[in-house]
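The values are calculated or read from the model by the stated rules, or taken from the named source; none is laboratory data. This is a predicted model, so every value here is computed, not measured. Positions of Cβ are generated from backbone atoms using ideal geometry, with glycine treated the same way; all protein chains shown enter the neighbour counts.
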Amino acid sequence: MPRFLIQRVLGDITDEQIDAAADHSTRVREDRFPEMEWEYSQVVRTGDGVTAYCVYAAPTEQQIRDHAAAAGLPADAVYEIERELVPM
């Protein structure tokens, strides 16, 4: 199944709001998009606020975008992962 990197610019939100958004996203995915898999997310906080970089496996990019819309989350950029490099 294709894997995607999603950039979500979340702005100035708290850790509690991030956790609540993640919980809601999981419920929406389990209920409406069971063929998708959320692998992990990395969250960074800069002077402009919070941005999350999420890795999902999903059949299509459109399904990634549909899930984001249903969960009320941004999908500012979506990239299909071509390959993964890991240290040896």
- prompt: Hey, among the residues in the range 1-17 that are under 17 Å from HIS67 (Cα atoms) and not basic (Lys, Arg), which one's surrounded by the fewest Cβ atoms within 10 Å (Cβ to Cβ)?
  reply: MET1
message: Take the conditions closer than 21 Å to ASP23 by Cα, of a type outside the set (S, T, N, Q) and touching a helix residue (DSSP H, G or I) at 6+ places or on another chain (Cβ under 8 Å) and apply them to TYR56. Does it pass?
response: yes
query: ALA69: surrounded by 13 or more Cβ atoms within 10 Å (Cβ to Cβ), part of a helix (DSSP H, G or I) and at pLDDT 95 or above, yes or no?
result: no
task: Would you mind telling me which numbered condition in (1) outside any strand (DSSP E or B); (2) loosely packed, with under 11 Cβ neighbours inside 10 Å; (3) at pLDDT 95 or above; (4) not aliphatic (A, V, I, L, M) GLU84 fails?
output: (3)
task: Return a yes/no flag: does the range 30-43 have any residue that is assigned to a strand (DSSP E or B), at pLDDT 95 or above, surrounded by 11 or more Cβ atoms within 10 Å (Cβ to Cβ) and of a type in the set (Phe, Trp, Tyr).
output: yes
message: Quick check on the range 72-81: of everything there that is in contact (Cβ under 8 Å) with a residue 60 or more places away in the chain and under 19 Å from ASP19 (Cβ atoms), which residue is surrounded by the most Cβ atoms within 10 Å (Cβ to Cβ)?
response: LEU73
task: Can you run down the residue pairs with Cβ atoms below 6 Å, 6 or more apart or on separate chains, where the first is in the range 9-34 and among the charged types (D, E, K, R) and the partner is surrounded by fewer than 14 Cβ atoms within 10 Å (Cβ to Cβ) and not in a loop (DSSP other than H, G, I, E, B)?
output: ASP12/GLY49
- prompt: Is it the case that THR26 is among the polar types (S, T, N, Q) and more than 15 Å from the chain's Cα centre (by Cα)?
  reply: no
- prompt: Out of all the residues in the range 44-66, which are within 10 Å of the chain's Cα centre (by Cα) and without any contact (Cβ under 8 Å) to a residue 40 or more places away in the chain?
  reply: ARG65
